[in-house]
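To keep things clear, I will list the structure first and then write my remarks on it.
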Amino acid sequence: MVKPLKTKVASVQEGSIHDYDDILGYFNNKKAQQDLKSRYHSLTFVTTGIEAYNGGQTTMLHLGTLLAHSGYDVYYQSYVPQSQASLQNNAEFNYPNYQGTCLATDQLSQHQSDIWIATLWESAYIIKNLPGYKLYFIQDYEPYFYPFGDRSQLAQKTYELGLHMISLGPWCQKMIQANCQINSPLEQINFPVDLDRYPYSQREFNSYSHKKCFTLAVYTKFNSPRRAPINLELLLNNCTKILNNKGYQLEINYFGTDKSKTFINGHNLGKLTQPQMVSLYQQSDFGIAPSMTNFSLVPFEMMSTGLPFIDFQEGTGKYFIPNKCCFYTHFDENELADLLIKLSKNTNSLQQATNNARQHLYSITWEHTLRDILNILTNLPRKN
């Protein structure tokens, strides 16, 4: 009998039910029952631990800190094994001087909260039948995290379980309305930018017209299709060749991916701290950060420093960035090459887009987001 041989590329991993051994008891189709309080004081974000460099969890920590400053008792409850010391360490790394209490997994069965907040589809199943009022903080349309199959369906079902949903920005709200049978509130809050941490730096756009080498700050993640890493590398690889034939060069600086990964072109700077990102943006000519689902904080952070931003028509940027605040192209190397050359010769458009972006960013600060979330919390249904 012929014996099977190991192949270099493994078959697609579809996941195992044993990924959920520790939380199997929470998975069922019972709809959420909202337990009303006459007063809501404590609120708990339920999360997959806290991972360094995680943008979604940084947003959670920032929002939780603002709510703590507003008088709420705030907790961050992990449902995956991670020590309290590790949770605290990574929380401090992601958002220095964060406010709130980190709780390890062994606290999940004991902890009490007036409000529970799911932060990932798995956590929606965990909180939906706990005593308290259940919110669902939706930062992405998570069925798109997986190939079509059981996990994508489990994720989609969470939007139909009766939790009070809060979408970060308009895109997730739109996707849920289009694809789900909604039977609970679905609201949205402002998608914010932290202007103070990404200060503006004036650029000499007149120098662009003399450039023969364009330096790109490119955010992507090797293991995240949402950041289009394959499409992006192919695009920039082909664009480099086209520009070379026209007498130009591209210096590509990737970041956001573990430094051990090898890109087919450019330099992999690895995962950067906030000061390192500011420095990179100040030294770059253009920023690129594709978002194929919802959005990323990175484009706003690039724009906040005055870096001209290039986005893609195939992505979701148009739901978050107004007209004439950035420059759009397709995943087409000829279009991108032409755009870079055109922009280098049209410094007025670079300055105007940067000015427009700054004006827009001042309208979407965290103060706006805090007003949105406080308005929702203030108007939660209450026990008579």
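The values are calculated or read from the model by the stated rules, or taken from the named source; none is laboratory data. Source: prediction; values computed, not measured. Cβ coordinates were reconstructed from backbone atoms using ideal geometry, including for glycine residues, and neighbour counts include every protein chain displayed. The protein model used for the area step is the full one, side chains on, heavy atoms only, and it has no ligands, DNA or RNA in it. Shrake-Rupley method; radii C 1.70, N 1.55, O 1.52, S 1.80 Å.
Relative contact order (percent) for the range 142-213, with alpha-carbon contacts under 8 angstrom and 6 or more residues of separation? Walk me through the intermediate numbers first.
Working: 59 pairs, mean separation 17.8, N = 72.
Result for the range 142-213 is 25 percent.
Anything over 28 Å Cα to Cα? Flag those among LYS241/LYS261; LYS134/LYS259; LYS30/LYS318; LYS157/LYS271, in the order listed.
Result: LYS134/LYS259; LYS30/LYS318; LYS157/LYS271 exceed 28 Å.
Per residue, how much accessible surface does the chain expose to a 1.4 Å probe? Answer in Å², no decimals.
47
Below 28 Å, Cα to Cα, which lysines can LYS324 reach? Residues fewer than 8 away in the same chain don't count.
LYS174, LYS211, LYS212, LYS221, LYS246, LYS342, LYS345
Relative to the longest principal axis of the C-alpha atoms of the chain, give the angle of the C-alpha long axis of helix 366-378, reported between 0 and 90° and rounded to the nearest 10°.
The two axes meet at around 20 degrees.
For ALA52 and HIS368, calculate 0.36 nm times their separation in residues minus their Cα-Cα distance, and state this gained length in nm to one decimal.
111.2 nm
How large is log10 of I(q)/I(0) for the range 12-126 at q = 0.19, 0.23, 0.24 Å⁻¹ when the intensity is taken from the Debye formula with one equal scatterer per alpha-carbon?
-1.05, -1.39, -1.46
Tell me whether the range 214-363 comes out rounded, prolate or oblate; compute the Cα gyration tensor, take square roots of the eigenvalues as a ≥ b ≥ c, and use a/c under 1.5 as the rounded threshold.
Numbers: a/c = 1.39, a/b = 1.10, b/c = 1.27.
In terms of gyration-tensor shape, rounded.
Over the chain, what is the relative contact order in percent, taking alpha-carbon pairs closer than 8 angstrom and at least six residues apart? Don't skip to the answer; put the middle values down first.
Values: 668 pairs, mean separation 55.5, N = 384.
Value for the chain: 14 percent.
Give, as ranges by residue number, the residues of the range 178-222 whose backbone N falls under 16 Å from the point 7 Å along Cα→Cβ of PHE331.
The answer is 219-222, whose backbone nitrogens lie closer than 16 Å to the label point.
For helix 333-345, what angle does its Cα long axis make with the longest principal axis of the chain, in degrees from 0 to 90 and rounded to 10?
Taking Cα atoms only, the helix is inclined about 70 degrees.
What net charge do the residues around CYS326 carry, taking every other residue with its C-beta under 10 Å from that of CYS326, with Lys and Arg at +1 and Asp and Glu at -1?
+1
Quick check: at a probe of 1.4 Å, how many percent of the accessible area of the chain sits on carbon and sulfur atoms?
49
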